[in-house]
Structure formats: C-alpha cells, structure tokens
Amino acid sequence: MKLKDMPINELITVDHNCSCGRHHHMAIDHLAIGKGTVNKLPEFLADQKLADGTPLTKNDKICVVADIHTWPVAGEQVYNLVKASGYPVTSYIFQHEIMHTTEVFIDELENAMPKDVSLPLAVGSGTINDLTRMVSFHRNIPYYIIGTAPSMDGFATDVAPATIKGLKCSLPAHCASGIIGDTDFLSTAPDKMIAAGIGDIIAKYIAINDWRLSYLINDEYYCEEVAELMLNSTDKVANSVNGLVNGESNAYQYLMECLVLIGIAMGYVNNSRPGSGAEHSMGHVLEMKAALKGEYGELHGTSVGMATCVMAEMYKKFLTLDIDYDKARAHAEQFDYDSWADEIRRVFGTSADQIFKVYEKNQQSDPANVKRRIDRIEANEDQIRAIITETVKKVEKAPEYIDAMHGMTSPKQYTLFSEDEFRDILSYTKEQRDRYAGLQFFYDLGVLDELVDYIIDKYYD
Ligand SMILES: [Zn+2]
Ligand SMILES: [Zn+2]
C-alpha cells in the first residue's frame, strides 16, 4: 500500500519501506481529529505511557496550559474532563493578550508549572503549543496538544520556532504524544487564523514543485509517495474552502488533518522539503526583516500564504517567457561577490552574517555552479515545464482560497514593508537558506530581475 492510500491514523504509527528506497517511520501515540474528539481524551490518558515506558496512573498530575483566549473555548472543558476521569489536575492560564515564543514566556511556564506534573496538556495552537513542547522537552515528560485554531503546520513536529534575544531560531524539542483536533473548537477560531492555516497548506503546491525541481536539477533526494500524500491532502483542503467559510465540521477536519500531515511527512524524510519551498523562505525573510524592526510581523501562515500567491504569479509569468540558455550562461558569469555582499549588508543589516554563512556553504551564485545547473535545466526542460504547468494550475487559485477567509494575498497588504523593501525581499530571499527553490531557479535562468519587476508592477501599481 502507498502512503497516500493510508488513513491518517495509520500514518502516525507507520513503519514503511518506501518505493523511494528509504524507510519512513513515525510514532505519535494518539491522534483524534473530528467533531467532538476532545471526548477521546480519557481513553488516551488511560493508555498513556511516561518517558520511562511505565503507564500514566491516577496518581500522576496533569496540567492544562492555556491562555485567556483558549481557556473559555476549550481549556475549562479539558480541565473538567481530566478531573472527572480521576486524575489530579492543575492549570496554568497565561494572562497576556499577545504572546510569542520568547525566552520570557518559556521561563514563565517553566516557573509556573508545578515540578511534579507528569503530563501537560497544551490547549491552543502556535505559541501555547511551542512553549509547552519546549518546557515538557526540558523536563523529559510527554505532552498533548489540543488545538483551538487550525493556523499552522507545527502540530506534529519535533522542533519549536522561537525568537531568542530578538533572533528567529528553531529550538530542539519533541513531538506531542497526543494530538486532538476537535472541529467544534477549531471552527470557532478567528478568520485570520483559519486564513493562515489555508496559507500554510496551499504553500505545499510550491514546496513540492521546488522539491521536484531540485530533484531534477541537483539530484536531491525526493520521495514521490510523500509528495503525493501532501498534494492529495492539500487538494482536499483546496476543494473544501467553501465548507470552511460555512463552518462545516468535515472541512475543518481536512484542514487539521493536512496541518498534522505536514509534520508527519517532514518526519518521514527527516527534512522540511515536503512542507517548505521558496514561499517559506520568503516567509522567513519577512520574519527576519520584521525582527530587525523590533516587530513580530504577521502570523507564520499569513506571511507564507501571501508569499505563495506571489510565487504562483512568478511561476505563471515564467511559463510565458522564452528561455535563452546562452544569455543565462552569460548572466551567470557576471556575478560579482563584492557588490553582492554590499547589497546583502544593505538589505539584511545586522543579520547579514547569517546570509554570508549560507553562501560560504552553498556558493549558490558561483558561475560554475550556476552553469552546471543551467545544463541540467536545459536537458530536462520539458519535464520542468510540465511540473511547473501542473503546479500553476493548482496554485493559481491561492488568492481565492485565502481571500475566502479574508486573509492576506498581496505584499501591499503587509504594510510593515514598503514597495522597495519588498523588492529587496523578492530579490534576496534565495540567499536565506541552503536549499534550492524557485527564486534561485529564476536567477539561474537569468530572469529573476525581470520577474521581480513584473511582481512589483503587478501588486504596487
Ligand atoms: Zn519514500
Ligand atoms: Zn509552515
């Protein structure tokens, strides 16, 4: 059986000898997504093991971690359910209106959660999940996430994105032992958070596209089964956007399943290729540039969703261009490191060193490297065009999907950045990480500047 044909409850515990030649493995103890699934909690607790493999007993203390928004939606209900099941239970409710995963809030939870807690239950999404994930990891105890907003794809992941000393980073943590996505909670989330979830999912069309390009151009490892699994799940969400607007339980179930699957798919291949391409890099650069202004910027899925709309337009325009490979080779030869480095210092300021480190390792604009890739692109032109054509067909409706929940579909709506700043972001996002993606592909073919001009004209007329 192929991965795409398995139900999600099999995928969380799979041990799969894959047609890609690798072995895919995942071990999440408990997962329940659907209407009323919070009521599965007592069953999950009865079957829960502690880190040393011994069972959780009714002497083990459970702590419900929530905030002022998630407590009334779901936290109180979870608390009462645990109490009625006979476990000693306590709660910690963050009192802040706005929270981020920073050292301040990590310390707050570290200090507030009693030391004898055996199992924290995070009731929330993004930040509450990340904070609880980190503190439970430090204490070597399992944790559960009871999602209240389908806003991001970090439910089934073992890293925690955080901002430490003002810098965005990814901290080691562990994956939740239990994930509950009760659609009665999820469907009450604010539109903005649902739009962010849609954005983070529609991004997968670009992510898989970029992974496929790199497989053809750089011989990078690629798994067709994982790619198909992601695309199928993404299609399901794309086809049920109306259901999200109408608050239908099924639609929220597909959305949450897809957000959880992204983490699972990344776990299978041990990297984030199934979930992140040029659009996620652009999202990260938006976060970096926001941090340089002392701001947190938009939600992850909001930035990534908007970046997906932009990438969709770039790929669509790309298909109309005639590629002149000799001109591309001549363009590659013109690269001048010193003037490039001046630009990087101008655009990334105090974060420029991070970019230089990526270049040291990657040498992405070195003429010999670029020309080697141009040869591969030329040799695989038909296949590459077919991949991009298929992607554009799926992703060109991204603005429609995101707009259905009143999300962000244009860089102009991201008012923290000016037109000139967004031009820089488009031109230099490709330097952000050691990963081949769409914007580098455009650079290789000597058409990045032309496409950037096109995008800026289109959105900022
Ligand atoms: Zn595989
Ligand atoms: Zn994401």
task = State the answer as a single residue: which of Ala27, Gly267, Ala368 lies farthest towards the positive end of the charge dipole of the chain, with beta carbon charges of +1 for Lys and Arg and -1 for Asp and Glu, about the Cα centre.
result = Ala27
query = Which distance in Å, rounded to a whole number, links the C-alpha centroids of segment 166-199 and segment 46-104?
reply = 17
message = Please compute, over every Cα-Cα pair in segment 175-280, the percentage with a separation greater than 20 angstrom.
response = 40
request  = For segment 276-460, just run the numbers: alpha carbon Rg, then divide by 2.2 N^0.38 Å, N being how many residues it has.
outcome  = 1.01
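Report, in listed order, any pair from Lys316/Lys412; Lys35/Lys58; Lys316/Lys357; Lys236/Lys412; Lys293/Lys430; Lys361/Lys458 with a Cα-Cα distance greater than 24 Å. Walk me through the numbers before you get to the answer.
Values: Lys316/Lys412 20 Å; Lys35/Lys58 27 Å; Lys316/Lys357 32 Å; Lys236/Lys412 29 Å; Lys293/Lys430 21 Å; Lys361/Lys458 35 Å.
Exceeds cut-off: Lys35/Lys58; Lys316/Lys357; Lys236/Lys412; Lys361/Lys458.
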note = Of the convex hull enclosing the alpha-carbon atoms of segment 365-461, the direction-averaged projected area in nm² is 7.5
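If you wrap segment 167-233's Cα atoms in a convex hull and average its projection over all directions, what's the area in nm²? The partial results should precede the final answer.
Numbers: hull surface 29.6 nm².
So the mean shadow area of the Cα hull is 7.4 nm².
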ask   = the chain: longest stretch without exposed GluC sites (Glu not before Pro) (DSSP loop, at most 13 other Cβ within 10 Å), sites themselves excluded?
value = 98-294
message = For a distance above 19 Å, tell me the whole-number percent of Cα pairs in segment 26-76 that qualify.
response = 41
message = Kirkwood Rh over alpha-carbon pairs of segment 7-188, then Stokes-Einstein at 4 °C and 1.567 mPa s: what D in µm² s⁻¹, rounded to an integer?
response = 78
ask   = When only Cα pairs under 8 Å and 6 or more residues apart are kept, what is the percent relative contact order across the chain?
value = 16
note = With x for Gly and Pro, the residue-by-residue ³J(HN,Hα) of segment 43-50, computed from phi through the Karplus equation 6.51 cos²θ - 1.76 cosθ + 1.60 at θ = phi - 60° and given in whole Hz, is 5, 5, 4, 5, 10, 7, 9, 7
request  = Determine the principal axes of the Cα atoms in the chain, then give the extent along each, sorted from largest to smallest and rounded to whole angstroms.
outcome  = 73, 49, 42
query = With charges only on Cβ, +1 for K and R and -1 for D and E, what is the dipole size of the chain about its Cα centre, in debye, rounded to 20?
reply = 920
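In whole percent, what relative contact order does segment 276-460 give with Cα contacts below 8 Å and a gap of six or more residues? Show your work: numbers first, answer last.
Numbers: 175 pairs, mean separation 68.4, N = 185.
Relative contact order comes out at 37 percent.
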ask   = Which helices, counted as full DSSP H runs in the chain, have an axial Cα extent of no less than 27 Å and a Kyte-Doolittle average of 1.0 or above?
value = 249-269
request  = Just report the Cα centroid separation between segment 2-31 and segment 320-337, whole Å.
outcome  = 42
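How much of the DSSP beta bridge set in the chain is antiparallel, as a percent to the nearest 5?
Bridges in the chain are about 30 percent antiparallel.
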message = As a test of understanding, state the convex hull volume per residue of segment 263-351 from its alpha carbons, in Å³.
response = 159
remark   = Whole-Å distance linking the alpha carbon centroid of segment 233-265 with that of segment 368-430 is 23
inquiry  = Can you give me the long-range amide H partners of Thr157? Hydrogens built in the peptide plane at 1.01 Å from N, cutoff under 5 Å, separation of 5 or more residues or another chain.
reply    = Ala176
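Each value in this text was obtained by applying a stated rule to the coordinates, not by laboratory testing. Everything numeric in this text was worked out from a predicted model, so none of it was measured. Don't worry about glycine lacking a Cβ; one is built from the backbone with ideal geometry, like all the others, and counts go over all protein chains shown.
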